[in-house]
Structure formats: C-alpha cells, structure tokens
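The values are calculated or read from the model by the stated rules, or taken from the named source; none is laboratory data. Worth saying up front: this structure is predicted, and the values here are computed from it rather than measured. Virtual Cβ from ideal backbone geometry, glycine too; neighbours counted across all protein chains shown.
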C-alpha cells in the first residue's frame, strides 16, 4: 500500500483524547468495540473527552486499565459506524517501514514515517518496538501502522533528549490485553499488574486483588466524579458553567480550557506565575485595507475596558489578563463574559466592515 493510502484509511478511526491532565491519541478497534489508548493519557481518570472525524466531541467512560502494558480502553459511542482496521498478528522486523499517526501537541492527524530501528528493545521488562519515526507528546496511544495497513503497535513513549528514539508497544501485547478484557466488555475493570488477571470493580475485595492480594484501585471507584478542580481553576470552571459551557468538554490539560462562543474560539490558561490569560482568536488580517483595521484596533484599545486587541502574524486576537489573587466569581464572570461577547461581535464586525478574513478552522481532513 502507498503511504498516503494508508494514512487516509486510518483517519476516521483516529481519536483525539483530552482530560484535565492533558491530551493524547486513541484508535477504534471494531472487532472489540473499544477505543484503545495509553493509561498515561487518561491518567487513571474514570472518563475522557473523545472526538474524531466522524465522532462529535463527547465524554465517554474509561472501561479498562492495564497498568503493566500502559493500555486503557474507552467506551465507543453507540450509533456510529467506523471501518475496521486489523491488528497485525505478525511481528515487525528490523528495518521495516512504519507510520506513526496521532495528534502531537494537538496537531490533528499528524503522520510521521520511519523504520523499525530494533524490533525488540527491552524496556521496563517488556519488549518494545524501537522506531525512528518522530513521535511527540500527544502521539501517545496512537497506532503504529505497517505497510500492509495493519496496526503493528501502540505508540507509547520517547526517551527525553533522544533524537527520534520512540517506542511502541507491540501488537501481540495489545491483542493479549484485548482478549483478556473481552469477556468483561462493558464493565469497569483493571488488569492486576502482579498476577495479570482481569478484576472487575465488584470483585475487588477491600481494595485488594482477590487472586494474589495486590493492592488495587479502580479510578472510578476512588472518585465517582473524577477530576476535581480547586482554587482559581474551580472558579474559572464555575464561571464557564454559568456562561453555558460544558467544562468537561472544554478541558485541554492542567489549567487549560478551550471554548467556542459564536464564531470565536477562546483559549484560557491559568499559568504557574499566577496569571489567567484569555485569548480569543477571531479573524485574520486581509491583504488590503490593513491600515484602516490597525487604526480601528488602536482606537478600540483606547476605548474598551477589560480586553485588548493584538495581532499575532495574521491572526487578530482579543485578550484579557486576570491575576489569580484578585479573581473572584463576580469579577471573573464580568471579564470572561465580556471577552466572549466582544470576540463574537468584533469577529463579524471586522469581516463585514473592513474585509477581514474568517479564521482558519481545522476541517480534520
């Protein structure tokens, strides 16, 4: 198969996964009816936000945790049909060409090509596939694909500071884990890292494996509500809820949110230095009439309160900054509501009045 043909055949089953702890990649396995990813992507949470080319953004429960193999399975939404992509039952060999597909740094459907540097590289007691195809944060949980168009492994980790030193869990481990869980499909369970038995939620005895006595903890049991924000993050999420936003769908990692309001997209970040930054990307500078737009933006910056215009390359951005020590629900509500409403208004106004260009959206093609 040709490279582009393989990539195109996988796009519809590649899933973007996000939670309060970060983002990553997953993929749908039709024969087993689940989305596969890494445990370290979902971070032991009971649910994750999933979205794909044919899957609207939604919250779905994590069904299974295999900590030994760093695998997690997420429930696939009902009523959606996706194609079947086979898991290879053959081992790759040194020098085989492979493709890593995923969402590194949130860049959707990124594919990198490389070769198998070492078909069996012992790491943490398991034989991983070492590859030179570039993988980065956000690739974790995505498929490693061979040139038969089959899933050869699960992209799992890199060696920090290394030059294209990536590692994928081989398909044989993935199949083993899928087959172990399949009789319990739909139930919340984990695989004991000591005896490797699948233990469902109701079979855990006082927090211990009934087979070998190892201490176990299913995230769903530990915390029915999952992630609980605190401090300024809690206040931000309370404000977003009052503005009609779904905070679970908005989370993009630790202290990061992404929401849409009308035609504008707003990114919120609570930084470690104590500043809450809201950037609304609205529209883009045109090739003509730029001077008139700049004059208007400068005048508006003098007149408007709580927000300010800026230009990042071609993007026109409306921003606000709040120091978290001064954040209260009431003050934050005023500022974030103002940012969202003004962003939606100015987006359309600048396009209609000054010929600004609509912002580029990710069409996920």
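Quickly run through region 22-45 and pick out the residues that are farther than 17 Å from residue 176 by Cβ and out of contact with any strand residue (DSSP E or B) (no Cβ under 6 Å at 6 or more places or on another chain).
Of everything in region 22-45, those that are farther than 17 Å from residue 176 by Cβ and out of contact with any strand residue (DSSP E or B) (no Cβ under 6 Å at 6 or more places or on another chain) turn out to be 22, 23, 30, 33, 40, 43, 44.
Can we say residue 75 is within 23 Å of residue 188 (Cβ to Cβ), in the same structural domain as residue 153 (by TED's automatic domain parsing), touching a strand residue (DSSP E or B) at 6+ places or on another chain (Cβ under 7 Å) and modelled with pLDDT of 90 or more? Lay out the reasoning, then the answer.
Values: within 23 Å of residue 188 (Cβ to Cβ): yes; in the same structural domain as residue 153 (by TED's automatic domain parsing): yes; touching a strand residue (DSSP E or B) at 6+ places or on another chain (Cβ under 7 Å): yes; modelled with pLDDT of 90 or more: yes.
Answer is yes for this residue.
Would you pick out the residues in region 99-116 that are assigned to a strand (DSSP E or B) and surrounded by fewer than 19 Cβ atoms within 10 Å (Cβ to Cβ)? Give the steps one after another, and end with the answer.
Taking region 99-116 first, the residues assigned to a strand (DSSP E or B) are 99-102, 110-116.
113, 114, 115 - these are the residues of region 99-116 that are assigned to a strand (DSSP E or B) and surrounded by fewer than 19 Cβ atoms within 10 Å (Cβ to Cβ).
Select from region 57-81 the residues that are closer than 23 Å to residue 138 by Cβ, surrounded by fewer than 19 Cβ atoms within 10 Å (Cβ to Cβ) and touching a helix residue (DSSP H, G or I) at 6+ places or on another chain (Cβ under 9 Å) and list them in ascending order.
57, 58, 59, 61, 67
Any residue that is under 20 Å from the mean Cα position of the chain (by Cα), within 21 Å of residue 251 (Cβ to Cβ) and touching a residue at least 24 places away in the same chain (Cβ under 8 Å) - is there at least one of those in region 85-101? Working first, answer last.
From region 85-101, those under 20 Å from the mean Cα position of the chain (by Cα) are 99-101; that's our starting set.
If we keep only those that are within 21 Å of residue 251 (Cβ to Cβ) as well, we get none.
Among the residues of region 85-101, not one is under 20 Å from the mean Cα position of the chain (by Cα), within 21 Å of residue 251 (Cβ to Cβ) and touching a residue at least 24 places away in the same chain (Cβ under 8 Å), which makes the answer no.
So residue 89 fits all but one of (1) surrounded by 13 or more Cβ atoms within 10 Å (Cβ to Cβ); (2) closer than 24 Å to residue 191 by Cα; (3) at pLDDT below 95; what number is the exception?
(1)
Among the residues of region 301-336, which ones are part of a helix (DSSP H, G or I) and touching a helix residue (DSSP H, G or I) at 6+ places or on another chain (Cβ under 8 Å)?
If we filter region 301-336 for residues that are part of a helix (DSSP H, G or I), which is where we start, we get 301-303, 324-326, 329-336.
Once the filter is applied, which keeps residues that are part of a helix (DSSP H, G or I) and touching a helix residue (DSSP H, G or I) at 6+ places or on another chain (Cβ under 8 Å), region 301-336 yields 324, 329, 332, 333, 336.
Where in region 165-234 are there strands (runs of 3 or more DSSP E), lying wholly inside it, with at least 3 residues that are touching a residue at least 40 places away in the same chain (Cβ under 8 Å)? Walk me through how you get there before you give the answer.
Numbers: elements: 166-170, 189-191, 198-200.
Strands (runs of 3 or more DSSP E) meeting the threshold: 166-170, 189-191.
Filter region 154-196 for residues that are under 24 Å from the mean Cα position of the chain (by Cα) and on the phi > 0 side of the Ramachandran plot; which is surrounded by the most Cβ atoms within 10 Å (Cβ to Cβ)?
Of everything passing the filter in region 154-196, 164 is surrounded by the most Cβ atoms within 10 Å (Cβ to Cβ).
Quick check on region 255-285: of everything there that is buried (at least 16 other Cβ atoms within 10 Å of the Cβ) and assigned to a loop (DSSP other than H, G, I, E, B), which residue is modelled with the highest pLDDT? It would help to see each step written out before you state the result.
Within region 255-285, the subset buried (at least 16 other Cβ atoms within 10 Å of the Cβ) is 255-259, 261, 263-270, 276, 278-285.
Next cut, assigned to a loop (DSSP other than H, G, I, E, B) only: 255, 263, 285.
Details: 255: 90, 263: 83, 285: 93.
Looking at residues that are buried (at least 16 other Cβ atoms within 10 Å of the Cβ) and assigned to a loop (DSSP other than H, G, I, E, B), I get 285.
How many residues are touching a helix residue (DSSP H, G or I) at 6+ places or on another chain (Cβ under 8 Å) and either over 23 Å from residue 217 (Cβ atoms) or in a strand (DSSP E or B) (or both) if we restrict to region 32-56?
As a first pass, look at region 32-56 and keep what is touching a helix residue (DSSP H, G or I) at 6+ places or on another chain (Cβ under 8 Å): 32, 34, 36, 44-49, 52-54.
Checking which are either over 23 Å from residue 217 (Cβ atoms) or in a strand (DSSP E or B) (or both) leaves us with 32, 34, 36, 47-49, 52-54.
So the count comes out to 9.
Considering region 197-235 alone, what residues qualify as being surrounded by 14 or more Cβ atoms within 10 Å (Cβ to Cβ), at pLDDT 80 or above and under 30 Å from residue 269 (Cα atoms)?
If the condition is that a residue be surrounded by 14 or more Cβ atoms within 10 Å (Cβ to Cβ), at pLDDT 80 or above and under 30 Å from residue 269 (Cα atoms), then 229, 232, 233, 235 are the ones that fit.
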